[in-house]
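> If you scroll down you'll find the structure; I have some questions about it.
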Amino acid sequence: MSDVGAMRILLDVDKCIAVGQCLLAAPKVFDLDDSGIVVLLDSMPPESERPAVMNAITRCPADVISLAQD
């Protein structure tokens with residue numbers, strides 16, 4: 001099985017404003033710490049999570065979530 005083209009998520013947690021839209025969009029991939037800052041549960045989630053991850057990227061008002069361009 002090849003990882004070529006696998007989805008890899010990047011976060012800029014220093015810019016997170018603790019809104020929680022990522023958790024609502026993709027709860028299997030994102031969580032929030034006690035202060036509400038995004039925590040990545042899986043940096044390389046399965047392809048089945050791509051729609052939820054893309055939704056989280058779109059919904060993030062601080063634009064802190066992206067996909068690696070490998």
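Quick note: the coordinates plus some simple rules give every number you see, no bench work behind them. Quick caveat, the model's predicted, so the values are computed rather than measured.
> Give the Debye-formula value of log10 I(q)/I(0) at each listed q (0.24 Å⁻¹), with one equal scatterer per alpha carbon of the chain, two decimals each.
With one equal scatterer per Cα and no solvent, log10 I(q)/I(0) is -1.03.
> Show me, for the range 8-21, the HN-Hα J-couplings you get by feeding each phi into the Karplus relation (A = 6.51, B = -1.76, C = 1.60, θ = phi - 60°), rounded to Hz, glycine and proline as x.
Per-residue couplings from phi come out as 10, 8, 10, 10, 10, 5, 5, 9, 4, 10, 6, 8, x, 5 Hz.
> Let me ask something else about it. Angle, helix 50-59 long axis vs. longest principal axis of the chain, Cα atoms, 0 to 90°, nearest 10?
Tilt of helix 50-59: around 30 degrees.
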